[in-house]
Amino acid sequence: MRDQFLTRRKAIAAAAAGCAAIVDLGATAVPLPTTDPAGPEKALRAFLRAFENCDLPAMEAAFAPEATSFDRAPPVPGDLSLYRRKSGMPAGMRQLALALPTAQLGPPYHHLQPANLSVERYDDFAIAMFELEGADNLGRRTVILRRYGEHWLIVHLHASNVYLPSSAP
């Protein structure tokens, strides 16, 4: 019993010392490098490539089963229910992946050039942020990925568009 008490006491003391050291040093969370072969940036780019090709099965496979999303505007201006948090991949993204192959030759059916891409990794999670520049809008995307074994999957995608005043919906 005494040995258990001493072991617990040592563990608590070590944790307290570690916390104190972090506070004393003013440490902040530092993103880990994102250059590993199965990294979040690679997973994000694979998803974007699947979206360019309107490869719906590959797009859906990029999302974790518990994933959520906020869709961009429009697909249908005025219906606020479309912009509430939903499960899985955004409905507007699915609609686009289904419509583009019927309207034009491809693949790829469209080109996604993520501008100002930033990927910050924190252990088994990563936050990717980028912009998509359109003729009349700026698409802003935040994608949160989580590592499941050797695979990175999207657990949340937040999409928003900012429109030029002359083209706002």
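Please go through the stretch 104-132 and pick out each residue that is acidic (Asp, Glu) and more than 19 Å from residue 70 (Cα to Cα). Step through it out loud before you land on a result.
As a first pass, look at the stretch 104-132 and keep what is acidic (Asp, Glu): 120, 123-124, 131.
If the condition is that a residue be acidic (Asp, Glu) and more than 19 Å from residue 70 (Cα to Cα), then 120, 123, 124 are the ones that fit.
For the stretch 53-64, indicate whether the set of residues that are surrounded by fewer than 13 Cβ atoms within 10 Å (Cβ to Cβ), modelled with pLDDT of 95 or more and part of a helix (DSSP H, G or I) is non-empty. So far as the stretch 53-64 goes, yes, one or more of its residues are surrounded by fewer than 13 Cβ atoms within 10 Å (Cβ to Cβ), modelled with pLDDT of 95 or more and part of a helix (DSSP H, G or I).
Cβ-Cβ contacts under 9 Å between residues 6 or more apart (or on different chains), taken from a first residue in the stretch 95-118 that is farther than 22 Å from residue 129 by Cα to a second residue that is among the charged types (D, E, K, R), are listed as 106/52; 107/52; 107/55; 108/49; 108/52; 109/52.
Take the conditions assigned by TED's automatic domain parsing to the domain that holds residue 49, more than 14 Å from the chain's Cα centre (by Cα), at pLDDT 95 or above and not acidic (Asp, Glu) and apply them to residue 126. Does it pass? Give the derivation first.
Working: assigned by TED's automatic domain parsing to the domain that holds residue 49: yes; more than 14 Å from the chain's Cα centre (by Cα): no; at pLDDT 95 or above: yes; not acidic (Asp, Glu): yes.
When the stated conditions are applied, residue 126 does not pass them.
From the residues in the stretch 127-140 that are of a type in the set (D, E, K, R) and touching a Leu at 6+ places or on another chain (Cβ under 7 Å), which one is surrounded by the fewest Cβ atoms within 10 Å (Cβ to Cβ)? Ranking the candidates gives 136 first.
Across the stretch 113-129, what is the total count of residues that are part of a loop (DSSP other than H, G, I, E, B) and either hydrophobic (A, V, I, L, M, F, W, C) or within 19 Å of residue 60 (Cα to Cα) (or both)?
First, pick out the residues of the stretch 113-129 that are part of a loop (DSSP other than H, G, I, E, B): 113-114, 123-124.
Add one more test, that the residue is either hydrophobic (A, V, I, L, M, F, W, C) or within 19 Å of residue 60 (Cα to Cα) (or both), and what stays is none.
Total meeting the criteria: 0.
Among the residues of the stretch 72-112, those that are modelled with pLDDT of 85 or more and in a loop (DSSP other than H, G, I, E, B) comprise 88, 89, 90, 104, 105, 106, 107, 108, 109, 110, 111, 112. The set of residues in the stretch 42-84 that are over 13 Å from residue 159 (Cβ atoms) and of a type in the set (Asp, Glu) comprises 52, 55, 60, 66, 79.
If you check residue 142 against the conditions, is it farther than 20 Å from residue 69 by Cβ, assigned by TED's automatic domain parsing to the domain that holds residue 64, of a type in the set (Ser, Thr, Tyr) and not in a loop (DSSP other than H, G, I, E, B)? No, not satisfied.
Of everything in the stretch 81-126 that is surrounded by 15 or more Cβ atoms within 10 Å (Cβ to Cβ) and among the aromatic types (Phe, Trp, Tyr), the residue that is farthest from residue 39 (Cα to Cα) is 83.
The values are calculated or read from the model by the stated rules, or taken from the named source; none is laboratory data. Model, not experiment: these values are computed from the prediction. Positions of Cβ are backbone-derived with ideal geometry, glycine not excepted, and every protein chain shown enters the neighbour counts.
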